[in-house]
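Data first, discussion second: the structure below is written as structure tokens.
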Amino acid sequence: MPDPLPTHAGPFALGTFRGTAEPFPGLVTGARVRDLSDLVPSVRALVEDWDRWLPRLGDLTDGTWYDLAGLEVLAPIEPGQILQSGANYRKHVVDLVAAEKESVHGTTPEEARADAEQMMDERIRDGVPYVFLGSPRAMCGPYDDIVLPALGEQHDWELELALVIGKSGRNIPAAEAMAYVAAYTICNDLTTRDRLYRPDLKAIGTDWFTAKNADTFLPTGPFLVPATFVGDPGDLRITLRHNGVVRQDESTKDMIFDIPRLIAYVSTTTTLRPGDLLLTGSPAGNGAHWGVFLAPGDVIEAEITGLGHQCNAVRSHA
């Protein structure tokens, strides 16, 4: 466990933990964890019956309790599918577009930024989100080591607010979408930048599978915090430090497409089911922006308002 212990908004949160035996679902209340394995086999099973369980969780006082400090904190849930939003923070995308206009087209910095901001305004008004699938096998715990794969050198961070779906739905109207959110958690959606584009398949373009789904490339948790305790998810602070230096520090207010629009969009293609994760995009401040990438011995510290924090050491695959 890290020092200090992770905190959470509201009276309780949920997670998956390991003591001396098998992993178990747990109810977190401050520094204590109630083993829920006598009631449900997993956090996923609890979310699949969310409307019945949520009102009962705050009343659980008996049962087996542990000190959080004595437990290993694992990724809080095994999701059904992981939906990942790309290019969803205005400042981040404006920075990328403006940099390209300057370097490729020779535009002045002022013109490049003005053009990029106009593009984003049009996208907000008339565009749709950009979403792709991730692999649950990439997930690891919030304090696990990040293991850099053998291939690629530009390993980058992307801290994101993630939501957990709490009931099934298809073609969900944006006006009704928030009723489908059970809880929120933290995900750091790592990317190997120099493996993102395929020079042998330029017509196809990006290779999201290879660039984003290496083992340990999705630190998740520490907890699932019920949506009712989080407040406005459109006004949370996302902060990431790389070796003690603040690299990302932005409000979720900067999202291009908010959570209702993301849910409405993805549900036109796939049926959302309880336990699915939807990542909402990463703000400005990735390593590519700073010209700094992950290397063995680095430490990433990350937090989002009310959801706790992560701390991951980086090591080589060897």
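Looking across the range 260-270, the residues that are under 24 Å from residue 78 (Cα atoms) and open to solvent by 50 Å² or more (accessible area, probe 1.4 Å) come down to 265, 268, 269. Of all residues in the range 216-230, which are buried (at least 16 other Cβ atoms within 10 Å of the Cβ) and among the polar types (S, T, N, Q)? Scanning the range 216-230 gives 216, 220. Restricting attention to the range 231-259 and to residues that are within 26 Å of residue 146 (Cβ to Cβ) and of a type in the set (A, V, I, L, M), the residue that is surrounded by the fewest Cβ atoms within 10 Å (Cβ to Cβ) turns out to be 245.
When the residues of the range 157-180 are filtered to those that are under 14 Å from the mean Cα position of the chain (by Cα) and open to solvent by less than 10 Å² (accessible area, probe 1.4 Å), the one that is farthest from residue 283 (Cα to Cα) is 165. The residue list 192, 228, 185 contains one member that is touching a His at 6+ places or on another chain (Cβ under 6 Å) and among the hydroxyl-bearing types (Ser, Thr, Tyr), which is 192.
Only residues that are of a type in the set (A, V, I, L, M, F, W, C) and under 17 Å from residue 292 (Cα atoms) were counted across the range 152-195, and they come to 3. Residues being in a strand (DSSP E or B) and within 15 Å of the chain's Cα centre (by Cα): count how many of those fall in the range 225-248. Going through the range 225-248 one residue at a time, the tally reaches 6. Of all residues in the range 1-57, those being under 19 Å from residue 75 (Cβ atoms), open to solvent by 40 Å² or more (accessible area, probe 1.4 Å) and part of a helix (DSSP H, G or I) number 1. Quick check, is residue 92 within 28 Å of residue 313 (Cα to Cα) and assigned to a helix (DSSP H, G or I)? Taking the combined requirement at face value, the residue satisfies it. Contact annotation: residue pairs with Cβ atoms under 6 Å, 6 or more positions apart or on different chains, pairing a residue in the range 106-129 that is over 16 Å from residue 91 (Cα atoms) with a partner that is among the hydroxyl-bearing types (Ser, Thr, Tyr), are 128/265. Only one entry of 95, 62 meets the criterion of being in contact (Cβ under 8 Å) with a residue 60 or more places away in the chain and farther than 21 Å from residue 187 by Cα, and that entry is 95.
Residues that are open to solvent by 40 Å² or more (accessible area, probe 1.4 Å) and among the aliphatic types (A, V, I, L, M): does the range 181-199 have at least one?
no
Comparison of 141, 152 shows that the only residue that is closer than 26 Å to residue 16 by Cα and either touching a residue at least 24 places away in the same chain (Cβ under 8 Å) or open to solvent by 70 Å² or more (accessible area, probe 1.4 Å) (or both) is 141. Scanning the range 121-166 for residues that are in contact with a Lys or Arg (Cβ under 8 Å, 6 or more places away or on another chain) and closer than 16 Å to residue 263 by Cβ returns 129, 165.
Filtering the range 110-131 for residues that are out of contact with any Asp or Glu (no Cβ under 9 Å at 6 or more places or on another chain), modelled with pLDDT of 95 or more and open to solvent by 50 Å² or more (accessible area, probe 1.4 Å) leaves an empty set. Restricting the first member to the range 158-182 and to residues that are without any contact (Cβ under 8 Å) to a residue 60 or more places away in the chain, and the second to residues that are surrounded by 15 or more Cβ atoms within 10 Å (Cβ to Cβ), the beta-carbon pairs closer than 8 Å and six or more apart or on different chains are 179/167.
The values are calculated or read from the model by the stated rules, or taken from the named source; none is laboratory data. It should be emphasised that the depicted structure is a prediction, and the values quoted were computed from it without experimental measurement. Using ideal geometry, Cβ is built from the backbone for each residue, glycine included, and neighbour counts are taken over all protein chains shown. Remember, those area values only see protein heavy atoms, side chains included, never the ligands or the DNA or RNA. Shrake-Rupley method; radii C 1.70, N 1.55, O 1.52, S 1.80 Å.
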